[in-house]
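For reference, the structure discussed in these notes is given below.
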Amino acid sequence: MKTLLINGSPKGTRGNSELFIQNIRKGMSAAVEVRYVAKENPHALADEMHGYDRILMVMPLYFFSMPGIVQELLEVMDENFQGVEFGYIVQQGFDESQAGDFLKTYFQCFTDRIHGHYLGTIVRGGSAGVCFMPAFMNRKLFAQLRSLGNHLEIHACFPSDIRKDFESPYRLSSRKVLWYRFLGKIGFMDMSWNRMLKQNHAYAKRFDRPYKY
């Protein structure tokens, strides 16, 4: 079984998706190739994907959907992937995995359209800071990803216990909602965004409305 892992993050090797992929690979006994959508010509990559029996796409959730570069790749894939297994792993900053429901529906319909075999989609919430945390804080997550890789290689499906753990909570509790509202009011929720805006010299324009008219 020839497996391909696809990193769908615009950040390539610098983001959380890469950490997910590397730990999934550690759980597999066979050598597994990784391709980076951000560095590829989508037409060439789509053609080369025909040479694999199983394809696992890992990506972040952006605005309740996939990154644009992944969408571009999917749009140029033909419908001749009969028998090829497709699985999808989405990591997101939102705690509640419900935010990824639209992608679950889309990926299942897409896989059916190209006549592939749908292995499922796992949405892992609360992943925004994974690449910034020390290794010991990610110990459980990385162990689960290695176990997922091993299970996928042997059984060609996602383990139900890891899926359940990854996707909890599905919705935020009322107490958690109140807590996040409080953090928003004191400015804590904006700290990371504001830092990125300043790094890109866009902080002064954060309230601009270019499409107002």
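The values are calculated or read from the model by the stated rules, or taken from the named source; none is laboratory data. Since the structure is predicted, the reported quantities are computational estimates derived from the model, not experimental observations. Please note: Cβ atoms are built from the backbone with ideal geometry, for glycine as well, and neighbour counts cover all protein chains shown. Ligands, DNA and RNA are stripped out before the accessible areas are found, and what is left, the full protein with its side chains, is counted by its heavy atoms. Shrake-Rupley method; radii C 1.70, N 1.55, O 1.52, S 1.80 Å.
At a glance:
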read-out	value
Residue 102 being among the aromatic types (Phe, Trp, Tyr) and modelled with pLDDT under 90	no
Close pairs from the stretch 11-35: first in contact (Cβ under 8 Å) with a residue 60 or more places away in the chain and assigned to a loop (DSSP other than H, G, I, E, B), partner surrounded by fewer than 18 Cβ atoms within 10 Å (Cβ to Cβ) and of a type in the set (S, T, N, Q), Cβ under 9 Å, at least 6 apart	27/147; 27/150; 28/150; 29/150
Any hit, the stretch 200-213, residues being of a type in the set (A, V, I, L, M, F, W, C), within 24 Å of the chain's Cα centre (by Cα) and surrounded by 11 or more Cβ atoms within 10 Å (Cβ to Cβ)	no
Flag if residue 79 is acidic (Asp, Glu), open to solvent by 10 Å² or more (accessible area, probe 1.4 Å), in contact (Cβ under 8 Å) with a residue 24 or more places away in the chain and part of a helix (DSSP H, G or I)	no
Unique residue being free of Cβ contacts under 8 Å to residues at least 24 places away in the same chain, among the aromatic types (Phe, Trp, Tyr) and within 30 Å of residue 56 (Cβ to Cβ) when the list is 142, 207, 136	136
Boolean, residue 164 is more than 27 Å from residue 53 (Cα to Cα) and open to solvent by 70 Å² or more (accessible area, probe 1.4 Å)	no
Candidates 130, 177 - the one that is out of contact with any Ser or Thr (no Cβ under 9 Å at 6 or more places or on another chain), crowded, with 16+ Cβ neighbours inside 10 Å and modelled with pLDDT under 95	130
Among (1) within 12 Å of residue 86 (Cα to Cα); (2) in contact (Cβ under 8 Å) with a residue 12 or more places away in the chain, the one test that residue 112 misses	(2)
For residue 69: the one exception among (1) in a helix (DSSP H, G or I); (2) in contact (Cβ under 8 Å) with a residue 40 or more places away in the chain; (3) within 26 Å of residue 159 (Cα to Cα)	(3)
Test set (1) over 19 Å from residue 20 (Cα atoms); (2) surrounded by 12 or more Cβ atoms within 10 Å (Cβ to Cβ) - residue 125 fails condition number	(1)
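Conditions tested, residue by residue: (1) more than 30 Å from residue 57 (Cβ to Cβ); (2) touching a Pro at 6+ places or on another chain (Cβ under 7 Å); (3) in contact (Cβ under 8 Å) with a residue 40 or more places away in the chain.
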{"residue": "148", "(1), (2), (3)": "no, yes, yes"}
{"residue": "162", "(1), (2), (3)": "no, no, yes"}
{"residue": "165", "(1), (2), (3)": "no, no, no"}
{"residue": "178", "(1), (2), (3)": "yes, no, no"}
{"residue": "186", "(1), (2), (3)": "yes, no, no"}
{"residue": "189", "(1), (2), (3)": "no, no, no"}
{"residue": "196", "(1), (2), (3)": "no, no, no"}
{"residue": "200", "(1), (2), (3)": "no, no, no"}
